[in-house]
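Before any comments, here is the structure.
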Amino acid sequence: MEKSFKIEVDCANCANLVEHAVAKVAGVKSVSISFMTQKMKIAFEEGAEIGQVMKEVEKTAKKIEPDFEIL
Amino acid sequence: MNRKQRIMVGRIALTVLMTAALHFLAPTGWLRLALYLIVYFIIGYDILGKAGRGILRGQVFDENFLMAVATVGAFSLALYQRSGDYLEAIAVMLFYQVGELFQSYAVGKSRRNIAALMDIRPDYANVYQEGKLVRVDPEEVPVGQIIVVQPGERMPLDGVVVEGFSSLNTSALTGESLPREVKAGNEVLSGSINMTGVLKVRTTKPFGESTVAKVLELVEDSASRKSRSENFISRFARVYTPVVCYAALALALLPPLFLIFFQDAAWSAVTFETWIYRALTFLVISCPCALVISIPLSFFAGIGGASREGILVKGGNILEALTKVRTVVFDKTGTLTLGVFEVNAMHDGSDNDMHAGAEQLLEWAAMVECSSSHPIAKSLLKAYGKEVDHSRITDIQEVGGKGITARVDGRQIAVGNETLMRDAGVEPCHCRTVGTLIHVAVDSRYAGHIVLGDVMKPMAKEAVARLREAGVTRTVMLTGDAKAVAEQVAAEFGVDEVYSELLPADKVTHLERIMQAYPEGKVAFVGDGINDAPVLSRADIGIAMGGMGSDAAIEAADVVLMDDEPLKISKAIRISRKCIGIVWQNIILALGVKGACLVLGAFGIANMWIAVFADVGVMILAVLNAIRAIYVRKV
């Protein structure tokens, strides 16, 4: 299961750091954040509760970069 | 400019004005400190805040931290030395902010420009509702609906023209600047622009499956497939910042301590301040911004520029791999040749030209092949030129890689290559001319053969030559055709090697053999996407030609050429070279200047002013250089 999210992130390095952190969230198989297209693509683990995982993803991202927004 | 950027412009202007005023008023003592502190907070409060939050969260080492420590350090030194020189800290912060502003503005602008280049999304479709023409969302238009496309409008969905004639500008899709004439019965692709006449079009695909939606998806996804250099830089940035911080700490402490313990210098005689100042300079230089921003920007610009030329590259990693292509393997039909065959001759069982029975032979062949989608079948039907009466044909069986058998008017007919003839117990005759042979057997007796010639693409020969100029050392052609035809075509085009009489399944094995034989350099496979999806995905780089022919091919390919111009293959390689060249220029520029400044800073030659100029200047140069990657028209 793969989903693409529109995001808002201000700096390229923050995008890298957030990507690194989100990859470790339980239920996330892989993640790719593109600063250029302002998109986050997440592949979820089989059977993961997406709403739950996304909450955790958002929390993790905000911790790294408070300006990070998932639209 | 967005709100954040406008606020920043205001802060920068205010800082410059206040600093200038303070310079002339020249207040002294505590008043001076207080006033300069106010200016410092105006320009740097967000950086200090972010650095503070970072420390609280345990995310210590980032550029905010670097800038905060460096400027607070400079302020403290000035205070400790009672020099009253607070300007330095403010200037460093000011230049850093100017650089950040420039970066966010330039990157945001080019990001939007590139995205606009790639955005061929149609906004609406005109449909008749209760006799009136209304605009609806293309996603709501069902298949089979008649839509009206006015001159100047973008074709919203794929379809077939039912009324009107016009010329279409397909440059957004294919990079081809010549307009394409269409009339009733022609297929039209979404994303092209109707130029002259009103067209009524019956849609053949829902929006989600139409060409424009597929192109958009492909282009938007391309940025998420990161190249090795992008990944390297983000790993590098994670390690680099902490390393520099510790190096700065070491620079501040070790040399003075060394002097005290090994040279027996007195505590008071050691200039801690000098070394702390050098360490702070270190921190200013160490921001990795120039690299972190310019490398993804280069790839994004390169991919955007290529898509403008009708070359869709699926990611930065592919762009990187394209530069290392040394072997290009072609599937003959549809890439070097048009895949359109002409009937050159018809011969009977003793290889003499047919006159009386020719019509009958062609009819049999056309009828048996009537439901096949193979290019040969289509060409036979075209040569036959009459409507096929399907009720006369039964028991159609396709024998993969050999041909087709069927019953026509109750007679058992086999149409295909020599192997099919032998399978049917018929000995095919040898033909004196070179060409693709279609043998026909009727009721297990040989009836004759049709000689087909493939039409070569006009630019195919030049395309092969250009590949050589672009550094490709070896070109190979794979084909299912007979050996004589294949070798003739290969010699014509100047292809180095040719493997003929291959079944579709053989192509994968041959490709693997080629890849093993030349492990150095990447192997690209070029196919038209019809039944070669497995080969496309097996190759290091699969290049699908002829645009949106088959979904499977687009899925499997790494590069999709929107039109079927073989010259685009070498162009793709040249674009990738340019883009990767820019990436390396930026890596070397940024690391080189920073490395030099770090050394100069450590020896006390470069002060903080030079450091911040190096940092911001390199970033601006790198961003401007990265944007260059989008200009690929004349590459």
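The values are calculated or read from the model by the stated rules, or taken from the named source; none is laboratory data. A quick note: this is a predicted structure, and the numbers were derived from the prediction, not measured. Methodologically, a virtual Cβ is constructed for each residue, glycine included, from the backbone with ideal geometry; neighbour enumeration extends over all protein chains shown.
For A:E69, state whether it is charged (D, E, K, R) and within 13 Å of chain B (Cβ to nearest Cβ).
Values: charged (D, E, K, R): yes; within 13 Å of chain B (Cβ to nearest Cβ): yes.
Taking the combined requirement at face value, the residue satisfies it.
Between B:M608, B:M562, which is under 26 Å from B:I120 (Cα atoms), buried (at least 23 other Cβ atoms within 10 Å of the Cβ) and at pLDDT below 90? First the steps, then the outcome.
Details: B:M608 fails: under 26 Å from B:I120 (Cα atoms).
Just one listed residue meets the conditions, B:M562.
Taking B:N64 as meeting all but one of (1) more than 14 Å from chain A (Cβ to nearest Cβ); (2) in a helix (DSSP H, G or I), write down the number of the exception.
The one condition B:N64 does not meet is (1).
Checking the structure you have, find out if any residue of region B:80-92 is closer than 21 Å to B:W609 by Cβ and within 12 Å of another protein chain (Cβ to nearest Cβ).
Scanning region B:80-92, I find no residue that is closer than 21 Å to B:W609 by Cβ and within 12 Å of another protein chain (Cβ to nearest Cβ), so the answer is no.
Quick test for you: out of B:V160, B:V134, B:V149, pick the one residue that is surrounded by fewer than 19 Cβ atoms within 10 Å (Cβ to Cβ), modelled with pLDDT of 90 or more and more than 26 Å from B:A290 (Cα to Cα). Break it down into steps so the answer makes sense when it comes.
Details: B:V134 fails: modelled with pLDDT of 90 or more; B:V149 fails: surrounded by fewer than 19 Cβ atoms within 10 Å (Cβ to Cβ).
The conditions single out B:V160.
Assuming B:V340 fulfils every condition listed in (1) at pLDDT 85 or above; (2) β-branched (V, I, T); (3) assigned to a strand (DSSP E or B) apart from one, which condition is it?
B:V340 satisfies every listed condition except (1).
Of the conditions (1) aliphatic (A, V, I, L, M); (2) within 14 Å of chain A (Cβ to nearest Cβ); (3) touching a Phe, Trp or Tyr at 6+ places or on another chain (Cβ under 8 Å), B:I233 clears all except one; give me its number.
(3)
If the requirement is being in contact (Cβ under 8 Å) with a residue 60 or more places away in the chain, surrounded by fewer than 23 Cβ atoms within 10 Å (Cβ to Cβ) and within 22 Å of B:G546 (Cα to Cα), which of these qualifies: B:V455, B:V451? Before you say what the answer is, go through the steps one by one.
Details: B:V451 fails: within 22 Å of B:G546 (Cα to Cα).
Answer to the check: B:V455.
With the condition kept exactly as written, say whether any residue in region A:18-41 is acidic (D, E), closer than 30 Å to B:A301 by Cβ and within 10 Å of the chain's Cα centre (by Cα). Steps first, please.
First, the residues of region A:18-41 that are acidic (D, E): A:19.
With the extra rule that they be closer than 30 Å to B:A301 by Cβ, the set shrinks to A:19.
Then keep just the ones that are within 10 Å of the chain's Cα centre (by Cα); that gives A:19.
Checking region A:18-41: at least one residue is acidic (D, E), closer than 30 Å to B:A301 by Cβ and within 10 Å of the chain's Cα centre (by Cα).
Of everything in region B:209-254, what is of a type outside the set (S, T, Y) and in contact with an Asp or Glu (Cβ under 7 Å, 6 or more places away or on another chain)? Give them in sequence order. Break it down into steps so the answer makes sense when it comes.
Here is the first cut: in region B:209-254, the residues of a type outside the set (S, T, Y) are B:209, B:212-221, B:223, B:225-226, B:228, B:230-233, B:235-239, B:242-245, B:247-254.
If the condition is that a residue be of a type outside the set (S, T, Y) and in contact with an Asp or Glu (Cβ under 7 Å, 6 or more places away or on another chain), then B:R228 is the only one that fits.
Evaluate the following for B:V215: is it within 14 Å of chain A (Cβ to nearest Cβ) and touching a residue at least 12 places away in the same chain (Cβ under 8 Å)?
Working: within 14 Å of chain A (Cβ to nearest Cβ): no; touching a residue at least 12 places away in the same chain (Cβ under 8 Å): yes.
The answer is no for B:V215.
Scan (1) among the acidic types (D, E); (2) within 14 Å of another protein chain (Cβ to nearest Cβ); (3) over 23 Å from B:L319 (Cβ atoms) for the single condition B:E220 breaks and write down its number.
Here B:E220 meets the rest and fails (3).
Listed here are the residues, each with its yes/no results for (1) in contact (Cβ under 8 Å) with a residue 40 or more places away in the chain; (2) outside any helix (DSSP H, G or I); (3) closer than 25 Å to B:Y105 by Cβ.
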position: B:G546; (1), (2), (3): yes, yes, no
position: B:I554; (1), (2), (3): yes, no, no
position: B:K568; (1), (2), (3): yes, no, no
position: B:I573; (1), (2), (3): yes, no, no
position: B:V593; (1), (2), (3): no, no, yes
position: B:L600; (1), (2), (3): no, no, no
position: B:I605; (1), (2), (3): no, yes, no
position: B:F613; (1), (2), (3): yes, no, yes
position: B:M619; (1), (2), (3): yes, no, yes
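What are the residues in region B:282-312 that are more than 14 Å from chain A (Cβ to nearest Cβ), farther than 30 Å from B:F61 by Cβ and buried (at least 24 other Cβ atoms within 10 Å of the Cβ), if any? Don't jump to the end; show me each part of the working.
Here is the first cut: in region B:282-312, the ones more than 14 Å from chain A (Cβ to nearest Cβ) are B:282-285, B:306, B:308-312.
Now drop any that are not farther than 30 Å from B:F61 by Cβ, which leaves B:306, B:308-312.
Selection gives B:A306, B:I311, B:L312.
Just to be sure, is B:A248 out of contact with any Gly (no Cβ under 9 Å at 6 or more places or on another chain), more than 10 Å from every other protein chain (Cβ to nearest Cβ) and buried (at least 20 other Cβ atoms within 10 Å of the Cβ)? Show your work before the answer.
Details: out of contact with any Gly (no Cβ under 9 Å at 6 or more places or on another chain): yes; more than 10 Å from every other protein chain (Cβ to nearest Cβ): yes; buried (at least 20 other Cβ atoms within 10 Å of the Cβ): yes.
Yes.
Conditions: (1) in contact with a Pro (Cβ under 8 Å, 6 or more places away or on another chain); (2) surrounded by fewer than 20 Cβ atoms within 10 Å (Cβ to Cβ); (3) not aliphatic (A, V, I, L, M). A:F35 meets all but one. Number of the miss?
(2)
With the requirement that a residue be closer than 16 Å to B:E139 by Cβ and surrounded by fewer than 17 Cβ atoms within 10 Å (Cβ to Cβ), what does region B:207-239 give you?
Result: B:G208, B:E209, B:L216, B:E217.
Can you tell me which of (1) closer than 24 Å to B:R57 by Cβ; (2) within 14 Å of chain B (Cβ to nearest Cβ); (3) touching a Phe, Trp or Tyr at 6+ places or on another chain (Cβ under 8 Å) is the one A:K3 doesn't meet?
With respect to (1) closer than 24 Å to B:R57 by Cβ; (2) within 14 Å of chain B (Cβ to nearest Cβ); (3) touching a Phe, Trp or Tyr at 6+ places or on another chain (Cβ under 8 Å), A:K3 is out only on (1).
When residues of region A:11-66 are filtered for being of a type outside the set (V, I, T), within 11 Å of chain B (Cβ to nearest Cβ) and closer than 20 Å to B:A223 by Cα, how many remain? Before the answer, list the steps.
Narrowing region A:11-66 to residues of a type outside the set (V, I, T): A:11-17, A:19-21, A:23-24, A:26-27, A:29-30, A:32, A:34-36, A:38-41, A:43-49, A:51-52, A:54-56, A:58-59, A:61-63, A:65-66.
With the extra rule that they be within 11 Å of chain B (Cβ to nearest Cβ), the set shrinks to A:11-17, A:19-21, A:30, A:32, A:34-36, A:38-41, A:43, A:62-63, A:65-66.
Those still in the list that are closer than 20 Å to B:A223 by Cα too: A:11-17, A:19-21, A:30, A:32, A:34-36, A:38-41, A:43.
Of the residues in region A:11-66, 20 are of a type outside the set (V, I, T), within 11 Å of chain B (Cβ to nearest Cβ) and closer than 20 Å to B:A223 by Cα.
Considering only region B:120-156, state which residues are in contact with a Phe, Trp or Tyr (Cβ under 6 Å, 6 or more places away or on another chain) and either under 23 Å from B:G185 (Cβ atoms) or without any contact (Cβ under 8 Å) to a residue 40 or more places away in the chain (or both). Don't jump to the end; show me each part of the working.
Taking region B:120-156 first, the residues in contact with a Phe, Trp or Tyr (Cβ under 6 Å, 6 or more places away or on another chain) are B:135, B:138-139.
Within region B:120-156, B:R135, B:P138 meet the criteria.
Among the residues of region B:197-208, count how many are in contact (Cβ under 8 Å) with a residue 60 or more places away in the chain and of a type outside the set (K, R).
First, pick out the residues of region B:197-208 that are in contact (Cβ under 8 Å) with a residue 60 or more places away in the chain: B:203-208.
In the following step, the residues that additionally are of a type outside the set (K, R) were identified as B:203-204, B:206-208.
Final tally of qualifying residues: 5.
What is the one condition in (1) under 19 Å from B:Q360 (Cα atoms); (2) modelled with pLDDT under 85 that B:A424 does not satisfy?
(1)
Of the residues in region B:120-163, how many are more than 30 Å from B:E309 (Cβ to Cβ) and of a type in the set (S, T, Y)?
1
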